[in-house]
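The values are calculated or read from the model by the stated rules, or taken from the named source; none is laboratory data. Just so it is clear, the structure is predicted and the values come from calculations on it, not from any experiment. Cβ placement follows ideal geometry from the backbone for every residue including glycine, while neighbour counts extend to all protein chains displayed.
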Amino acid sequence: MFVPKRYVFERDTLDYPLGQELHDQLTSQNKNVIVLKSNRAVLDKLTSLEEKFHYGKETLILSVRRSFKFMSCRPSAHYQMPVATGCMGRCEYCYLNTQLGDKPYVRAYVNTEEILDHAKKYIDKRGKMTLFEGASTSDPLPVEPYTHGLEKSIKYFADQDQGHFRFVTKYSNVEPLLNIDHNNHTDIRFSINTNSIIDAYEHYTSKLDLRINAAKKIGDAGYQLGFIIAPVFMYDGWRKEYQALIDQLNRTFKDYKHGKITFEVITHRYTERAKKRIEEVFPETGLPMDKEERKFKWGQFGYGKWIYKPEDMDEVKEFFTERLTNMDFETELKYIV
Ligand code: SF4
């Protein structure tokens, strides 16, 4: 559970029963509660990006979601449906570091019901199966104990014939989700990596063992379960360590009887903009971002990424394809990129 240093309430939040309830509860617990006069949270005027980053990551903003225009989320879903924005994690390579810029605070919404009403409008407009991604701008699990956005969404989508929900997490506090009647309308995926990578770069996230144990519970609760192995790095000993990860999954799921488990594998890549930001926020970073070892590839949005060289990509693809298609349980390997 995320325990921030300060809880900031935007003014309108208190007009919602959940906002008022959280305010009263946190105040009675003598937490550091700040109520803003305006509707837009403004952080202290900190100077460096590094300071803003760490301050923001220790701040939970309780907020009302006002924008109901859902962005496209291809290829993983039709639409983004944020039940939170930002994340308490401090993964050095996180896409949010670039996306949220100098406002990296964690924001949880007290009006999930209104967000879901708008999801219904998108479903009705399409008139066919519509998939919503709940983790496109956050990892929503750490703020779940406050706003229960996932629980509400899972229950809501359970009753939708043409709506499906999914999210991905690096956390393990899944207990409150286990007994929900989800009706197989929600997929939950866990993002995993080797212990070395998690220790080196995924600060303030759950350890690998905890994520895998949580995944097992989610699978046993009947959810469609998946793993994203990402980002894959080719470092000294990478084969041995990713093999250990595969072996651990085999041990944990060898008697798994709840259908196939999906896998997605994504190799490490970075943009120039992300590199610059990472170096500002994590001046001591050891993330491998040496252009000599990479190939530049233009993307569809007018900027390019530094990806592994073709011969390295082939090696990674061969390694994971061979293993993930021959596990001791049923799998579907969706892609390796
Ligand atoms: Fe980003 Fe996910 Fe890490 Fe959170 S857990 S910082 S969303 S990569």
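Remarks
- In the condition set (1) over 24 Å from the mean Cα position of the chain (by Cα); (2) under 30 Å from Gly219 (Cα atoms); (3) not charged (D, E, K, R), Phe296 is compliant with all but (2).
- Residues located in the stretch 90-123, provided they are closer than 19 Å to Pro283 by Cβ and either among the polar types (S, T, N, Q) or at pLDDT 95 or above (or both): Arg90, Cys91, Glu92, Tyr93, Cys94, Asn97, Thr98
- Check on Ser206, under 22 Å from Val3 (Cα atoms) and without any contact (Cβ under 8 Å) to a residue 60 or more places away in the chain: yes
- Applying a threshold of 9 Å to beta carbon distances and a minimum spacing of six or more residues, or different chains, the list of pairs starting in the stretch 53-64 at a residue that is under 15 Å from Gly149 (Cα atoms) and ending at one that is of a type in the set (Asp, Glu) and in a loop (DSSP other than H, G, I, E, B) reads Ile61/Glu10; Leu62/Glu10; Ser63/Glu10; Val64/Glu10.
- Enumeration of residues in the stretch 75-114 that are hydrophobic (A, V, I, L, M, F, W, C) and not in a strand (DSSP E or B): Ala77, Met81, Val83, Cys87, Met88, Cys94, Leu96, Leu100, Val110
- Across the stretch 298-337, the number of residues qualifying as more than 20 Å from Arg239 (Cβ to Cβ) and either of a type in the set (Gly, Ala, Ser) or free of Cβ contacts under 8 Å to residues at least 12 places away in the same chain (or both) comes to 6.
- Residue satisfying condition, being touching a strand residue (DSSP E or B) at 6+ places or on another chain (Cβ under 6 Å), farther than 26 Å from His268 by Cβ, more than 16 Å from the ligand (Cβ to nearest atom) and of a type in the set (Ser, Thr, Tyr), within set Thr59, Thr130: Thr130
- Residue under evaluation Lys257, criteria (1) modelled with pLDDT of 95 or more; (2) away from the ligand (no atom under 16 Å from the Cβ), criterion not met: (1)
- Within the stretch 116-129, residues that are more than 15 Å from Pro82 (Cα to Cα) and outside any helix (DSSP H, G or I) have Cβ atoms under 9 Å from residues that are at pLDDT 95 or above and among the β-branched types (Val, Ile, Thr) in these pairs: Met129/Ile123, counting only partners at least 6 apart in sequence or on another chain.
- Count of residues meeting criterion [at pLDDT 95 or above and outside any helix (DSSP H, G or I)] in the stretch 9-33: 7
- Hits in the stretch 79-105 (condition: within 9 Å of the ligand (Cβ to nearest atom), aliphatic (A, V, I, L, M) and touching a helix residue (DSSP H, G or I) at 6+ places or on another chain (Cβ under 8 Å)): Met88
- In the stretch 71-99, the residues that are free of Cβ contacts under 8 Å to residues at least 40 places away in the same chain form Cβ pairs under 9 Å with partners that are among the polar types (S, T, N, Q) and more than 10 Å from the ligand (Cβ to nearest atom), at six or more places apart or across chains, as follows: Ser72/Gln80.
- Restricting the stretch 135-191 to residues that are more than 16 Å from the ligand (Cβ to nearest atom), small (Gly, Ala, Ser) and outside any strand (DSSP E or B), the residue that is nearest to Tyr204 (Cα to Cα): Ser153
- Residue in the stretch 277-285 that is within 30 Å of Glu50 (Cα to Cα) and basic (Lys, Arg) present: yes
- Consider the stretch 197-216 and keep the residues that are away from the ligand (no atom under 16 Å from the Cβ) and under 30 Å from Asn97 (Cβ atoms). The one that is surrounded by the fewest Cβ atoms within 10 Å (Cβ to Cβ) is Asp209.
- Filtered by the rule that a residue be farther than 18 Å from Asn213 by Cβ and either touching a strand residue (DSSP E or B) at 6+ places or on another chain (Cβ under 9 Å) or surrounded by 22 or more Cβ atoms within 10 Å (Cβ to Cβ) (or both), the stretch 168-196 gives Ile180, His182, Asn184, His185, Thr186, Asp187.
- Filtered residues of the stretch 242-266 (kept if without any contact (Cβ under 8 Å) to a residue 12 or more places away in the chain and among the basic types (Lys, Arg)): Arg251, Lys257
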